[in-house]
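First up is the structure itself, then whatever we jot down about it.
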Amino acid sequence: MTTTVRRLADATRDLPFALLDEESKREIRRALLQAVATPGYQVPFGSREMPVARGWGSGGLQISLAIVGRNDVVKVIDQGDDEGVNAVNLRRLITTSTGTEESTEVDESTLIQSRHRIPEDAMGEDHILVLQVPVPEPLRGIERDMKELARMHAEADYSKMWVSLYEDKVRNGVITQTTGYPCLVAGRYVTATTPIPRWDIPRLHHSEFLTLFGAGREKRVYAIPPHTDVEPLTFEDVPFEVESADGARCKLCGSTESFLVETPGETSSWSCSDTAWCRRRRLA
Amino acid sequence: MNHDDLLSVPSPVVSVNGLGKVFGTFDPSMIERTGPTTGTARDAFSGSIVAAWDVNFEVAAGEALGIVGESGSGKSTVLRCIAGDQPATTGDVRFTCHEEGTVNVLRLDPATRRRLRIDKLSVVYQDPAEGLALGVTAGGNIADPLTAAGWRNFGRIRSRAAELLERTEVPLDRMDDIVRNFSGGMRQRVQIARALANNPAIVLLDEPTTGLDASVASGVLDLVRRLLEELDLAVVVVSHDFSVIEMLTQRCIVMQHGRVVEEALTDQLLEDPQHSYSQKLVAAARA
């Protein structure tokens, strides 16, 4: 038993830097370059088998591994939490296969991989945000035919998306879509902002940082480069609103200006979704 | 009245010249092996179907032209080629509302062709499922062409949809119901409302009342006739039903085995059909 584990451990020493072979990383970087050049356009890439299951962040992981350098400092969060099991495992995989430093602080980090959130702290041009994407196609729920989807994107024919927003408003009085809100990127492609809440959408608009999106199961990457227009789709007379709850404040740090999540099983009990941000406020 | 007088009008909105559609491989020699003279649209040599050949007509604003014929005569194919639902094999189709009629729309790229369908040309299909999204509300079905044309104001989209539904006599309290829950006649009215959303210059009607029971059909026909009079549209109506053609059109063409066998003023055709096939059709309708 011990021998087997040791042998396996020895074997990992021969693995290439950042786990993937150089050709694979190159292929992913090429796709990313195209993605940055065509903001919001979903670029196909040869998604690899990873040591995590597809649907568990394999797309984001492949991007991180393809772009990580020896001097990067890596932060990984899951729902805003650095200590989530998946976040810990992905972070460990990146740092042990590269020897890079890790941090939970945004200002110390350069490469931030995330599922479901953009950190509350301001990010600058030295940051790259990598988002794990389950469903990269914003029109998936509206049109199933792949050929028709490709045509709609090619001709920027998004009337069906508008009809679905219209229907949502008619049936529910408000536009109910919360996470993954569809946005028009650089005035051209309607893009899925993946499961980040509406709260985070305004932060993508003219951001200082580069955002890369990776969908491992769906084999697509896309990007929102810095200083790019990101407009949430909404009617002129129906303003886009972020989530809010009356009187909600974080039970730990007292914040009312961060994205708050309800504590499971309790009513009217809220806490910051970004745990590193919340902890720093409590210590200050 | 001679041949040319009947097919051309002073200032046409739609001009169709030499329109042809062949399903299967095409070879010019198959033209003489098919048509009314041989009694079939199917070329025995190649197996291809000459669904429509050498179709010519013009339609002016405020007028409706009928295309009559039995099932398989090629009338719907002609309409679908003009609409852009099917690529034509040959021919020249011009709309004065597009580039002043200097462009053969059959040669446009698919994206530009679809663009025409948003604000210049609408089609009302026999089967509402083809023209409507049945899982979407009546208002949403009208919002579709409006948003495609760039409408982004929810309140204005709502009031335009309400205005159109009122005009097509759909009760406003059904505006937010999905179309699947509508009766056949009501679905057709929604389809017509949607077709008029962006004030098109041209409307193509493909058997608009077939499949509706007689009383419902006559209500829909009344509506269509009123809209034709009010809106100055150029209309093509395809139908096998002479009562529809008689009610809506002033001129019509008769098709058999993919060819036009007679063109006439509608009254004249019904009173005194010239071609033997037209005589048969009229006799059958009058029986």
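The values are calculated or read from the model by the stated rules, or taken from the named source; none is laboratory data. Not measured: the values here are computed from a predicted model. For neighbour counting, all protein chains shown are included, and Cβ atoms are generated from backbone atoms with ideal geometry for every residue, glycine included. Quick note on the areas: whole protein, heavy atoms, side chains included, nothing else; ligands and nucleic acids left out. Shrake-Rupley method; radii C 1.70, N 1.55, O 1.52, S 1.80 Å.
Here is a check on your reading of the model: is B:V236 in contact (Cβ under 8 Å) with a residue 12 or more places away in the chain, touching a Phe, Trp or Tyr at 6+ places or on another chain (Cβ under 9 Å) and closer than 23 Å to B:G18 by Cα? Criteria met by B:V236. Quick one: is B:A162 open to solvent by less than 60 Å² (accessible area, probe 1.4 Å), part of a helix (DSSP H, G or I), within 13 Å of chain A (Cβ to nearest Cβ) and out of contact with any Phe, Trp or Tyr (no Cβ under 9 Å at 6 or more places or on another chain)? Judged against the criteria, B:A162 is a match.
With respect to (1) within 14 Å of chain A (Cβ to nearest Cβ); (2) of a type outside the set (V, I, T); (3) within 30 Å of B:I31 (Cα to Cα); (4) in contact with a helix residue (DSSP H, G or I) (Cβ under 8 Å, 6 or more places away or on another chain), the lone exception for B:F154 is condition (3).
Screening A:R26, A:R91, A:R70, A:R54 for residues that are assigned to a helix (DSSP H, G or I) and open to solvent by 80 Å² or more (accessible area, probe 1.4 Å) leaves exactly one candidate, A:R26. Take the conditions (1) without any contact (Cβ under 8 Å) to a residue 12 or more places away in the chain; (2) within 14 Å of chain B (Cβ to nearest Cβ); (3) surrounded by fewer than 16 Cβ atoms within 10 Å (Cβ to Cβ); A:A156 misses just one of them, which is (1). Just one of the numbered conditions (1) touching a helix residue (DSSP H, G or I) at 6+ places or on another chain (Cβ under 8 Å); (2) open to solvent by 50 Å² or more (accessible area, probe 1.4 Å); (3) not small (G, A, S) is not true of A:E208: (1). Within segment B:48-78, the set of residues being more than 20 Å from B:S278 (Cβ to Cβ) and hydroxyl-bearing (S, T, Y) comprises B:S48 only. Scanning segment B:167-181 for residues that are out of contact with any Ser or Thr (no Cβ under 9 Å at 6 or more places or on another chain) and either open to solvent by less than 10 Å² (accessible area, probe 1.4 Å) or modelled with pLDDT under 95 (or both) yields B:R167, B:T168, B:E169, B:V170. Does segment A:94-105 contain at least one residue that is hydroxyl-bearing (S, T, Y) and closer than 24 Å to A:V261 by Cβ? Checked against the condition, which is being hydroxyl-bearing (S, T, Y) and closer than 24 Å to A:V261 by Cβ, segment A:94-105 yields at least one hit. Could we say that A:P225 is modelled with pLDDT under 95, away from chain B (no Cβ under 14 Å) and within 17 Å of the chain's Cα centre (by Cα) here? Spelling it out, it is not the case that A:P225 is modelled with pLDDT under 95, away from chain B (no Cβ under 14 Å) and within 17 Å of the chain's Cα centre (by Cα). B:Q188 satisfies every condition listed in (1) of a type outside the set (D, E, K, R); (2) more than 19 Å from A:R171 (Cα to Cα); (3) more than 11 Å from every other protein chain (Cβ to nearest Cβ); (4) over 20 Å from the mean Cα position of the chain (by Cα) except (4).
Figure legend. Inter-residue proximity from segment A:220-234: first residues touching a residue at least 12 places away in the same chain (Cβ under 8 Å), second residues in a strand (DSSP E or B) and open to solvent by 60 Å² or more (accessible area, probe 1.4 Å), beta-carbon distance below 8 Å, spacing 6+ or different chains. Indicated pairs: A:R220/A:P44. Scanning segment A:261-284 for residues that are closer than 19 Å to A:L204 by Cα and either free of Cβ contacts under 8 Å to residues at least 60 places away in the same chain or charged (D, E, K, R) (or both) gives a single hit, A:D274.
Do we find that B:A234 is open to solvent by 30 Å² or more (accessible area, probe 1.4 Å) and among the hydrophobic types (A, V, I, L, M, F, W, C) in this structure? For B:A234, the condition - open to solvent by 30 Å² or more (accessible area, probe 1.4 Å) and among the hydrophobic types (A, V, I, L, M, F, W, C) - is not met.
Residues that are open to solvent by less than 20 Å² (accessible area, probe 1.4 Å) and either of a type in the set (G, A, S) or in contact with a Gly (Cβ under 6 Å, 6 or more places away or on another chain) (or both) within segment B:237-248 comprise B:V237, B:S239, B:I245, listed in sequence order. Taken as a whole, the condition of being β-branched (V, I, T), away from chain A (no Cβ under 13 Å) and not in a loop (DSSP other than H, G, I, E, B) applies to B:V203.
When A:E231 is tested against (1) under 15 Å from the mean Cα position of the chain (by Cα); (2) within 14 Å of another protein chain (Cβ to nearest Cβ); (3) acidic (D, E), exactly one condition is not met: (1). When B:L146, B:L106 are checked against the criterion of being at pLDDT 95 or above, aliphatic (A, V, I, L, M) and open to solvent by 20 Å² or more (accessible area, probe 1.4 Å), B:L106 stands alone in meeting it. Between A:P202, A:P239, the distinction of being of a type outside the set (S, T, Y) and within 24 Å of B:G150 (Cβ to Cβ) belongs to A:P239 only.
Within segment A:235-245, being touching a residue at least 12 places away in the same chain (Cβ under 8 Å) and either within 14 Å of another protein chain (Cβ to nearest Cβ) or among the charged types (D, E, K, R) (or both) holds for A:F235, A:V238, A:F240, A:E241, A:E243. Taken over segment B:127-151, the residue count meeting the criterion of being more than 8 Å from chain A (Cβ to nearest Cβ) and assigned to a loop (DSSP other than H, G, I, E, B) is 7. When the residues of segment B:96-126 are filtered to those that are in a loop (DSSP other than H, G, I, E, B) and touching a helix residue (DSSP H, G or I) at 6+ places or on another chain (Cβ under 8 Å), which remaining residue is nearest to the other protein chains (Cβ to nearest Cβ)? That would be B:L108. For first residues located in segment B:43-69 and open to solvent by less than 10 Å² (accessible area, probe 1.4 Å), partners that are among the basic types (K, R) and part of a loop (DSSP other than H, G, I, E, B) and lie 6+ apart or on another chain with Cβ distances below 6 Å form the pairs B:D43/B:R33.
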